[in-house]
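Peer 1: Below you will find the structure I want to go over with you.
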Amino acid sequence: MARIFRHDIDLIGCGRTDTGVHAKDFYAHFDTETLPLDAVDLMYKLNSMLHPNIALKRLLRVTDDAHARFDATERSYAYLITTQKDPFITQFAYRFDVNLDLNAMNEACKLLIGKKDFGCFCKSRAQNMTDICDVRQATWSQDGNVIRFNISADRFLRNMVRAIVGTMLDIGQGRTTLDEFSQILASGDRSEAGRSVPAHGLYLVRVQYPAHIFHPSL
């Protein structure tokens, strides 16, 4: 980017993910006094320089004090599970060919909703100022051979979604009851929850911001 803008660019992303996690929606901000090209040409130029696995979708002008990470009001993740071997999605969904009780897993989702301590799903020794998150939506669904978990919250702890999914797979197999899941939530202890599922099934699918930080045009 510095070659295009002719000055150093500090790019600040909306967050970070573990190696192997995918992002369908991701924002980053940077400061510059002028744009060296119009928006269309600048996007083309930047995309030609980016890794083939990364695509720039839009350029947006924001207020001077806007921050890609701290101004986000909600983030949404999806986790994909495939119930059979499929070479086309091997790197993009977790293969788990065990029958699951999605009704029980959706009942467990109801226990996640609200503002509460999710420390039991946080990676050990993570240095968070708080483990409180406001989970606003969580559901399981199935379409053919693909099972999908959707969850939205104001913030997420490190490894939180993968730990939730791993614990709910135990519920789906009848290994953990809803009462036990409630006790896990209340414990705040990572060792009480289930294992973390592999990273390659996880997607950051949406990041939301207040409308007032965006200018109407670039």
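What follows is calculated from the coordinates using simple rules that are stated; it is not laboratory data. For clarity, every value in this text was computed on a predicted model and none was experimentally measured. As a convention, Cβ positions derive from the backbone with ideal geometry for all residues, glycine included, and neighbour counts pool all protein chains shown.
Peer 1: Using the 10 angstrom Cβ neighbour count as an exposure proxy, how do LEU202, LEU111 rank, fewest first?
Peer 2: Values: LEU202 27, LEU111 16.
With the sparsest Cβ surroundings first, the list reads LEU111, LEU202.
Peer 1: Could you tell me the calculated FRET efficiency between SER124 and ILE4, based on Cβ-Cβ distance and R0 = 35 angstrom, to the nearest 0.05?
Peer 2: On the way: r = 42 Å, r/R0 = 1.19.
Efficiency, rounded to the nearest 0.05: 0.25.
Peer 1: Here's something else I'd like to know. List SER124, SER196 from most exposed to least, where exposure is judged by having the fewest other Cβ atoms within 10 Å. Could the numbers behind the result be given before it?
Peer 2: Details: SER124 9, SER196 20.
Ascending number of Cβ neighbours within 10 Å: SER124, SER196.
Peer 1: Taking just the alpha carbons, could you work out the radius of gyration and Dmax for the range 2-69, both in angstroms?
Peer 2: Both quantities, over Cα of the range 2-69: 12.7, 35 Å.
Peer 1: Another question about this same structure. As I understand it, the dipole of the chain uses +1 on the Cβ of Lys and Arg and -1 on the Cβ of Asp and Glu, about the Cα centre. Which of GLY174, PRO52, HIS29 lies farthest toward its positive end?
Peer 2: PRO52
Peer 1: Distance from a point 7 Å along Cα→Cβ of VAL98 to each backbone N in the range 159-192: keep the residues under 12 Å and list them by number.
Peer 2: 166-176
Peer 1: Another question, then. What's the magnitude of the charge dipole for the chain around its Cα centre, counting Lys and Arg as +1 and Asp and Glu as -1 at the beta-carbon? Answer in Debye, nearest 20. It would help to have the intermediate numbers written out before the result.
Peer 2: Working: 26 positive and 26 negative charges, 81 e Å.
Charge dipole of the chain: 400 debye, to the nearest 20.
Peer 1: Most exposed first by the Cβ proxy, i.e. fewest other Cβ within 10 Å, how do MET43, MET49 rank? Don't jump to the answer; show the numbers that get you there.
Peer 2: Numbers: MET43 17, MET49 11.
Sorted ascending by nearby Cβ count, the order is MET49, MET43.
Peer 1: If you don't mind, there's one more thing I want to ask. Counting only the backbone N, which residues of the range 4-19 are under 15 Å from the spot 7 Å out from the Cα of PHE70 toward its beta-carbon?
Peer 2: Hits in the range 4-19 for PHE70 at 15 Å: 12-15.
Peer 1: If you count, for each residue, the other Cβ atoms within 10 Å and average over each peptide, how do 134-140, 84-90 line up from highest to lowest? Don't skip to the end; give the middle numbers.
Peer 2: Details: 134-140: 17.6, 84-90: 10.7.
Going from most to least packed, we get 134-140, 84-90.
Peer 1: Shifting gears a bit: Under 24 Å Cα to Cα from LYS85, which lysines show up? Leave out anything in the same chain fewer than 8 places away.
Peer 2: LYS24
Peer 1: Show log10 I(q)/I(0) for the range 1-156 at q = 0.11, 0.15, 0.18 Å⁻¹, two decimals, from a solvent-free Debye sum over equal Cα scatterers.
Peer 2: Cα-only, vacuum Debye calculation for the range 1-156: -0.64, -1.02, -1.22.
Peer 1: Let me know the shape class of the range 71-218, please: from the alpha-carbon gyration tensor, a ≥ b ≥ c as square roots of the eigenvalues, rounded when a/c is under 1.5, otherwise prolate if a/b is greater than b/c, or oblate.
Peer 2: Numbers: a/c = 1.86, a/b = 1.19, b/c = 1.56.
Oblate shape, in that a/c is at least 1.5 and b/c is the bigger or equal ratio.
Peer 1: Taking a point 7 angstrom from the Cα of THR32 along the C-beta vector, which residues in the range 52-87 have backbone N less than 18 Å away?
Peer 2: Of the residues in the range 52-87, 55-68 have backbone N under 18 Å from the label point off THR32.
Peer 1: If R₀ is 30 angstrom, what is the calculated FRET efficiency for the pair GLN142 and LEU56, using the beta carbon separation as r and rounding to 0.05?
Peer 2: Between GLN142 and LEU56 the formula returns 0.35.
Peer 1: Quick one: Cα centre-to-centre distance for the range 174-191 and the range 6-30, in angstrom?
Peer 2: 34 Å
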